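What follows is a set of notes on a single structure, which appears directly below.
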Amino acid sequence: MSKKISISKYLAYIFLILLCFIWAIPLVFGIATSFRSQTEVVSTGFRLLPVNWIVDNYVSILDNTSTAPILRWLMNSLFIATTHTFLVIVVISITGYGYSRLKFKGRDTLFFTLLGISFFPGVVNLIPSYKIIDALGWVNTAWAMIVPGLAGMGNIFLVRQFMKGIPKELDESARVDGASEFKIYYSVILPLIKPVLIVCGLFSFTGSWNDFLWPVIVYTDVDKMPVTAGLLLLQDIYGNYRMIGQLMGSAILAIIPTLLLFLFAQKYFVQSINLNAGIKG
């Protein structure tokens, strides 16, 4: 029996290592390409590592502040994603509290109706969403990226289910002591749901940072674009096999923030597997 377990464990390790290589090779090749000269890109064919490592591509990218201000795009994306994430945490924590702890007529019906509507593809709402953003005068502003999606039902569902694992005796004890609903939410419930809020925040940040279709639609001002919309613009500037190194370097710069976020926040993703991780004892 132990031999069978060992064999299955080794096979699992081999499979995971193969998956790691499949995932890592394109990333390594992309990073290496950003350090190649254009001559090497078009002449040597497939080669995992460059013959001569150069940084000229990154120098050209950072020097271009007129037609492709990538540093400004990165700062725009950072502001949008950070603000969106903060507001998401506020909205879903309050909404989740209402759906899990408060009692009002039609609560569950309303929740599951909204949850069912959220299953429709987001592309269905593109035209109505744009009409609303245009009517509010938010085209080419950060609010066009920050406000839509604040009350995502996926995040609210996670928070609601997490709160359901918290004993309601805590609420009742706080009410006996004279605490208001807001006091119960802020002082009792909020500290216990930090793990799920952190996970929802991480997903919201990466989702906002990586969003591509929506910013392409609502932004036409080059200086106000987030980095994903800017990368599409770079295909016209650096594409058509003219400046592949610069194009790849720009893409590498765009993924660095989310890559660092995942590296430093791995434990919270593991913690999210258990929705009752916030309850001790």
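The values are calculated or read from the model by the stated rules, or taken from the named source; none is laboratory data. The model shown is predicted, which means the values in this text are computed figures rather than measured ones. Note: ideal-geometry Cβ built from the backbone for every residue, glycine included; neighbour counts use all protein chains shown.
A quick yes/no check of all residues on (1) out of contact with any strand residue (DSSP E or B) (no Cβ under 7 Å at 6 or more places or on another chain); (2) small (Gly, Ala, Ser); (3) in a helix (DSSP H, G or I):
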{"site": "Lys9", "(1), (2), (3)": "yes, no, yes"}
{"site": "Ala12", "(1), (2), (3)": "yes, yes, yes"}
{"site": "Phe15", "(1), (2), (3)": "yes, no, yes"}
{"site": "Leu19", "(1), (2), (3)": "yes, no, yes"}
{"site": "Leu27", "(1), (2), (3)": "yes, no, yes"}
{"site": "Ile54", "(1), (2), (3)": "yes, no, no"}
{"site": "Leu62", "(1), (2), (3)": "yes, no, yes"}
{"site": "Thr65", "(1), (2), (3)": "yes, no, no"}
{"site": "Met75", "(1), (2), (3)": "yes, no, yes"}
query: What pairs can you find where one residue is in segment 186-207 and closer than 11 Å to Leu158 by Cα and surrounded by 21 or more Cβ atoms within 10 Å (Cβ to Cβ), the other is among the aromatic types (Phe, Trp, Tyr) and modelled with pLDDT under 90, and their Cβ atoms are less than 8 Å apart, with a gap of 6+ or different chains?
result: Ile193/Phe162; Val196/Phe162; Val199/Tyr268; Val199/Phe269
query: From the set of residues in segment 115-158 that are assigned to a helix (DSSP H, G or I) and of a type in the set (S, T, N, Q), which is surrounded by the most Cβ atoms within 10 Å (Cβ to Cβ)?
result: Asn155
message: Among (1) closer than 21 Å to Lys164 by Cβ; (2) in contact (Cβ under 8 Å) with a residue 24 or more places away in the chain; (3) under 20 Å from the mean Cα position of the chain (by Cα), there is one condition Ser100 misses while meeting the rest; what is its number?
response: (3)
query: What are the pairs, 6+ residues apart or on separate chains, where a residue within segment 244-262 that is touching a residue at least 12 places away in the same chain (Cβ under 8 Å) has its Cβ under 6 Å from a residue that is outside any helix (DSSP H, G or I)?
result: Gly245/Ser34; Gly245/Arg36; Met248/Ser34; Gly249/Ser34; Ile252/Ser34
In segment 85-120, the residues that are under 15 Å from Phe203 (Cβ atoms) and either of a type in the set (Val, Ile, Thr) or touching a His at 6+ places or on another chain (Cβ under 9 Å) (or both): Thr85, Val88, Ile89, Val91, Ile92
- request: For Ile80, indicate whether it is closer than 29 Å to Phe182 by Cα and either crowded, with 16+ Cβ neighbours inside 10 Å or acidic (Asp, Glu) (or both).
  value: yes
message: Exactly one condition in (1) farther than 20 Å from Thr85 by Cα; (2) surrounded by 12 or more Cβ atoms within 10 Å (Cβ to Cβ); (3) among the charged types (D, E, K, R) is false for Asp177; which is it?
response: (2)
field: Criterion (over 17 Å from Pro215 (Cβ atoms), out of contact with any Ser or Thr (no Cβ under 9 Å at 6 or more places or on another chain) and surrounded by 17 or more Cβ atoms within 10 Å (Cβ to Cβ)) met by exactly one of Phe35, Phe112
entry: Phe35
